[in-house]
Amino acid sequence: MPLITISRNIGCGGAEIARSVAAELDLELYDDQRLQEEALKMGLHSEDLKSLDEKAPGLFDRILNRKPELYFEFTEAVVYKAAKQDSGVILGHGSQLLLRDFGCAFHVLIHTNEPARIENMVNRQGVSRNIAKKLIRRKDNEQKGFFRFAFQRDWDDPSLYDLIINTEKLGNDLAAKLITGSARSEDINACSLTATEAMERLSGEKKLQAILLKNEINMSLLHIEVFPDGKAYIGGVAFTKEEKDRITEVTKDIPGVSDIQTEISLMPQGV
C-alpha cells in the first residue's frame with residue numbers, strides 16, 4: 001500500500017480529503033492528533049505539544065523555551081517514524097519535503113483560490129467573511145515563514161508534488177477519488193527496501209538528536225549514526241565530563257534504538 005503526503009492550506013478541504021483517502025484505502029492517518037501521540041511516545045512532554053503548529057519563529061520558539069531546533073528535530077523524527085511503516089497518509093508538517101527523496105512517497109498538494117477558501121470557512125466554521133479573510137492570510141504567512149525558515153523552500157513549489165488538485169473546480173469527493181485511484185497504481189505502490197531502511201535510520205537519528213537537544217547537550221561536535229538493526233553510535237567531543245556522562249544517561253532508554261555505543265572525548269582545557 002502507498003505512503004501519501006497531503007499538503008494544504010487553510011480553507012481548501014485538505015484535512016477532510018485526507019480522512020476520506022485514509023478511510024477508502026484503509027490506511028493510518030497521521031494528522032495533528034496522531035503525530036502528537038507519536039511525539040509523546042518518543043519523549044516529547046505534553047506541555048510541548050503546542051509546538052507542533054506549523055509556525056515560523058516567534059510563537060512556537062517561546063513555547064519551546066526558545067528552542068525551535070527541538071521542534072524541527074521532533075517533527076522530523078515523528079514523520080520518519082510514520083513513514084517507515086511503508087504506508088499511511090501524512091497530513092502536513094513538512095512531510096512532502098522531509099520525504100522528497102523517498103521513492104515510496106506520493107506527494108499531493110490541495111489548493112484553491114482565496115474566495116473559495118473564504119466561502120468554505122464561512123460555511124464550515126461559521127465565521128464572518130472578514131474574519132475568514134484575515135485568518136487565511138495570517139495562516140498563509142505563517143506557513144510560508146515556517147517553510148522558508150525550516151527548509152529554505154516555498155511550500156507551494158510545484159516541483160515538490162506528484163499531484164496538484166484544485167478543489168474549487170473538482171470538489172473534495174472527486175479530489176479524494178483522484179488520490180485513491182492514483183495510489184492504487186502499481187507505479188505508486190512500488191516502494192524500495194532501501195528507502196524504507198533509510199527512513200528507519202533517519203527516524204532513529206532524529207530521536208537521538210531531539211533527546212540530546214532537549215537535555216541541553218551541545219550538538220556541534222557530535223556525530224550520530226543509527227544502523228538498520230537499531231544499533232546506534234554517538235561519537236565526538238564533549239566540553240565537560242558532566243556533559244559526557246549526561247549524553248550516556250539520557251540516551252540509554254530510547255524506544256527503537258538499542259545498543260548505543262559512545263566514543264566521546266573531552267575537550268582539552270584551554271582550547
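Things worth noting here:
- For the residues Phe102, Phe72, Phe106, the requirement of being modelled with pLDDT of 55 or more and in a strand (DSSP E or B) singles out Phe106.
- Qualifying residue in the range 132-146 (condition: over 21 Å from Asn172 (Cα atoms) and in a loop (DSSP other than H, G, I, E, B)): no
- Filter result (touching a strand residue (DSSP E or B) at 6+ places or on another chain (Cβ under 9 Å), of a type in the set (S, T, N, Q) and surrounded by 17 or more Cβ atoms within 10 Å (Cβ to Cβ)) within the range 118-169: Thr167
- One residue from Lys177, Lys214 being at pLDDT below 85, closer than 30 Å to Asp140 by Cα and out of contact with any strand residue (DSSP E or B) (no Cβ under 8 Å at 6 or more places or on another chain): Lys214
The values are calculated or read from the model by the stated rules, or taken from the named source; none is laboratory data. Quick caveat, the model's predicted, so the values are computed rather than measured. Note that each Cβ is placed from the backbone with ideal geometry, even for glycine, and that neighbours are counted across all protein chains shown.
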